[in-house]
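One structure is given below, encoded as structure tokens.
The values are calculated or read from the model by the stated rules, or taken from the named source; none is laboratory data. The structure presented is a predicted model; accordingly, all values stated were derived computationally and were not measured. Note that we place each Cβ from the backbone using ideal geometry, even for glycine, and neighbour counts take in every protein chain shown. We work out accessible area using only protein heavy atoms, side chains counted, and drop any ligands, DNA or RNA first. Shrake-Rupley method; radii C 1.70, N 1.55, O 1.52, S 1.80 Å.
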Amino acid sequence: MRIAMIGTGYVGLVSGACFADFGHRVCCVDKDSSKIDGLNAGVMPIWEPGLEAIVKSNKERGRLTFTTDLPSAVKEAEAVFIAVGTPARRGDGHADLTFVFEAVRELASFIQPDAVVVTKSTVPVGTGDKIELILREEGVERVSVASNPEFLREGAAIADFKHPDRIVVGAEDERAQEVLREIYRPLFLNRAPILITGRRTAELTKYAANAFLAVKISFINEIANLCEAVDADVQDVARGIGLDNRIGPKFLHAGPGYGGSCFPKDTLALLQTADLAGVDQRIVRTTVEVNDDRKAQMVERVARAVGGDLGGKRVGVLGLAFKPNTDDMREAPSIPIVNALVERGATVAAFDPVAREQAEKVFHGIEFANDAYAAADGADVLVIVTEWDEFRALDLDRIAASLRGKILVDLRNVYDRSEAEEAGLTYYGVGRGRPQAQAAG
Ligand code: NAD
């Protein structure tokens, strides 16, 4: 199949490269010429494990090309995927569809008569209907618009795309179903479940999936708070409930709350859709509130660990990206946490294995350390914010030797209290019994 991918960000680039790897001919379009120039020169715009190799090999085979010229890509395509951003609209949290509709108007003049337009971007229910209308307004007579939401996770995006738990296709006509089945054929051969639904159902399925995962995270975070009050261990509670197949073990890690480019905006957008439909979604609304409070609670935890006043304290921060294995800083929990530490008078020295370049655009007035030990050096407290693998095997004796305050606040429960204490550190995890300061007080 010949595919045009409009938007060459995290989703468009990974999807485009993987489709090319399936044997399709893919042209990835982006209006950001520096991104396209970089890709044509072999420079990846994002840090994603395995991406560079798959882009390189498919470029060499001539199956994957990059351009800023949308008409040339669309003219050739049997399927035109839209993978542009759908950020939260300022003020009301509704999904901002400006980029999507702009792309639709741009492609309308060049699309082939039998081609299918597919939304891969996460879009609210009814967006496919609006796209159909726009295409008709622009004089496109035979339109086929399908929804194919993407469920990949940054940091494991290639594996997720190639071995998905399921593929969801929302299509109202045979032609669209046929084209999408053909595109995903290599995955059906691998027995990936495909769910063909109505278009509106597919659009909603994506939001429901993200909202449910957000609920799971906020749920375990509240249970973690309870564990601290009653001297129980949330890691064991999570394991105890996660082994139940009806619950499952994933997304039950207590921590500083969810972030990233999807959950925060998608939960808000779901609430907006519900509002417009006149249907209250109390669980998701509360989840958002719980998550918003979470960051402030984490800052308070650091403050308590150093005796209550952050003024003049030096805080080492490990991990800034919103999760490990990505350089994506969008809505990272580190942002409100670090900013609040600075506002309360602390000096922050932060280290992230790959997100420094992105983080430098976000944070002002903090120091960037070159490794974990440098972040700890001379600090009153060391805080683990993102659980990069390299933070799992730190030499705690070395950390303790250079950490002035000998306090480790582990917001990801990477370490056991006993191993931290053996190294001479005072340890605060999340939801693992009563924190010592509280217990003593
Ligand atoms: P992104 O911001 O990384 O990439 C979007 C790209 O689209 C940008 O490079 C931008 O320049 C380009 N663009 C915008 N308008 C354009 C136009 N008219 N023509 C050509 N290019 C255009 O976004 P992303 O993280 O890849 O997310 C894209 C969509 O996928 C969003 O709806 C998101 O919710 C959804 N999604 C994201 C993830 C994820 O993990 N990032 C996972 C699943 C779904």
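Which members of the stretch 10-37 meet the condition of being open to solvent by less than 20 Å² (accessible area, probe 1.4 Å), away from the ligand (no atom under 11 Å from the Cβ) and part of a helix (DSSP H, G or I)?
A17, C18, F19, A20
Picking from A95, A77, A83, which residue would you name as being surrounded by 15 or more Cβ atoms within 10 Å (Cβ to Cβ), over 27 Å from L270 (Cβ atoms) and small (G, A, S)?
Being surrounded by 15 or more Cβ atoms within 10 Å (Cβ to Cβ), over 27 Å from L270 (Cβ atoms) and small (G, A, S) holds for just one of A95, A77, A83, which is A77.
Kindly establish whether L180 is open to solvent by 50 Å² or more (accessible area, probe 1.4 Å), among the hydrophobic types (A, V, I, L, M, F, W, C), assigned to a helix (DSSP H, G or I) and over 26 Å from G255 (Cα atoms).
No.
I'm trying to understand the selection: among the residues of the stretch 188-218, which are over 18 Å from K265 (Cα atoms), without any contact (Cβ under 8 Å) to a residue 40 or more places away in the chain and part of a helix (DSSP H, G or I)?
If the condition is that a residue be over 18 Å from K265 (Cα atoms), without any contact (Cβ under 8 Å) to a residue 40 or more places away in the chain and part of a helix (DSSP H, G or I), then F188, L189, T201 are the ones that fit.
Condition check ((1) surrounded by fewer than 23 Cβ atoms within 10 Å (Cβ to Cβ); (2) among the basic types (K, R); (3) modelled with pLDDT of 95 or more; (4) in contact with a helix residue (DSSP H, G or I) (Cβ under 7 Å, 6 or more places away or on another chain)) across all residues:
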residue: G316; (1), (2), (3), (4): no, no, yes, yes
residue: M329; (1), (2), (3), (4): no, no, yes, yes
residue: S334; (1), (2), (3), (4): no, no, yes, no
residue: N339; (1), (2), (3), (4): yes, no, yes, no
residue: T347; (1), (2), (3), (4): yes, no, yes, no
residue: D352; (1), (2), (3), (4): no, no, yes, yes
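Only one residue in G12, G93 is in contact with a Leu (Cβ under 7 Å, 6 or more places away or on another chain), in contact (Cβ under 8 Å) with a residue 24 or more places away in the chain and not hydrophobic (A, V, I, L, M, F, W, C), so which one is that?
Every option except G93 fails the conditions.
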